[in-house]
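The values are calculated or read from the model by the stated rules, or taken from the named source; none is laboratory data. In this text, all values refer to a predicted model and were calculated from it rather than measured experimentally. Note that each Cβ is placed from the backbone with ideal geometry, even for glycine, and that neighbours are counted across all protein chains shown. Heads up: the accessible areas ignore ligands, DNA and RNA and are worked out on the full protein's heavy atoms, side chains in. Shrake-Rupley method; radii C 1.70, N 1.55, O 1.52, S 1.80 Å.
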Amino acid sequence: MEKRDFKEFLRLMAVLQETFTPEKPVSEQKAEIYFNAFADLSVEQFRDASSKIIQTKKFPTFPLPSELREALYGNTEDVALLAFEVFRRGGEECGDWASAVFDDPLIHATVQHLGGWSAVCTKTKDEWVWMKKDFVAIYQVFLRNGVDVEKIPKVLFCSYDAQSMANGFKDPSLKIFGDKRKAIEWSQQEVEDK
């Protein structure tokens, strides 16, 4: 969220307060803490999370940030397992022969944490079993805590493209996985899927 979204964010916090704790207004400090906790989301995503939690939360307590994230994304383990399947498909389809862009920046963050695209794509079949466990655990941490999208690599470069770009060539063999529009939007890639 951006500072311009703060007014709408406060309105949504007031809706949550009225729904769950009508006798206890949201303090300025609580609003600031929550706004910072959801800085990685758009105001539309926060609105969706608020709507979902109003429909599903059973206890009359103000929802914690983790509850709002789970309302938006679902159970973190399920989401991480689905992300792993998208990542696995990418690894199988292009391996270290093409660079990849996924529609989910958390996949990029997780792959970076695991050593990068080339490192994960050159794992043996047996190593993929353990990598799945690591991927799911790391992805869940990023999902719960958020990540700074500006610090995530926009493209997961294969070794060939990394070397080519180091030598001055600028046209990576890019493969896009997931929702193409979302992948191009978050990664700001102008290159078409090859």
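List of remarks:
- Result for the chain in a Gaussian network model with C-alpha springs under 10 Å: among Q45, Q55, Q112, the largest mean-square fluctuation is at Q55.
- Pairs exceeding 27 Å between alpha-carbon atoms, taken from K125/K170; K132/K154; K133/K175; K57/K133: K125/K170; K57/K133.
- Using the Cβ-Cβ distance between W130 and Q188 with R0 = 35 Å, the FRET efficiency computed as 1/(1 + (r/R0)^6) comes to roughly 0.60.
- In the chain, one over the average inverse separation of all distinct C-alpha pairs is 18.3 Å, which is the Kirkwood hydrodynamic radius.
- Largest GNM mean-square fluctuation across F87, F142, F169, computed for the chain with C-alpha springs under 10 Å, falls on F169.
- Between S50, I107, A39, the Cα set farthest toward the positive side of the dipole of region 31-120 (charges on each charged residue's Cβ, about the Cα centre) is that of S50.
- Solvent-free Debye scattering, log10 I(q)/I(0), computed from the Cα coordinates of region 1-97 at q = 0.12, 0.19 Å⁻¹: -0.47, -0.89
- For region 36-194: relative contact order, % (alpha-carbon pairs under 8 angstrom, 6 or more apart): 29 percent
- Distance from region 56-116 to region 141-188 (C-alpha centre basis), Å: 15 Å
- Volume in Å³ per residue [convex hull over Cα atoms, computed for region 46-114]: 103 Å³
- Carbon + sulfur, % of accessible area of region 1-94 - ligands and nucleic acids excluded, 1.4 Å: 53 percent
- With every protein chain in place, region 114-187: carbon and sulfur % of accessible area (1.4 Å): 55 percent
- CD proxy at 222 nm, helix term only [per DSSP H run n ≥ 4: -39500 (n - 2.57); per residue of the chain; nearest 500]: -19000 deg cm²/dmol
- Cα Rg, Dmax, region 99-194, angstrom units: 13.6, 39
- Within the listed set M13, M165, M131, the Gaussian network model of the chain (springs between alpha-carbon atoms below 10 Å) gives the highest mean-square fluctuation for M165.
- Within region 7-142: Cβ-based charge dipole about Cα centre, in debye rounded to nearest 20 (Lys, Arg +1; Asp, Glu -1): 300 debye
- Across region 153-168, rounded Karplus estimates of 3J(HN,Hα) from the backbone phi angles (6.51 cos²θ - 1.76 cosθ + 1.60, θ = phi - 60°) give x, 6, 10, 8, 7, 6, 5, 4, 5, 4, 5, 4, 5, 5, 8, x Hz, Gly and Pro being marked x.
- Under the Karplus curve 6.51 cos²θ - 1.76 cosθ + 1.60, θ = phi - 60°, whole-Hz ³J(HN,Hα) for region 123-139, x wherever Gly or Pro sits: 6, 6, 4, 5, 5, 5, 4, 6, 5, 4, 4, 5, 4, 4, 5, 5, 4
- Approximate shape of region 124-165 as ellipsoid semi-axes (Cα gyration tensor, √5λ), whole Å, largest first: 23, 20, 4
- Taking all protein chains into account, the per residue accessible area for region 1-137 stands at 57 Å² (1.4 Å probe).
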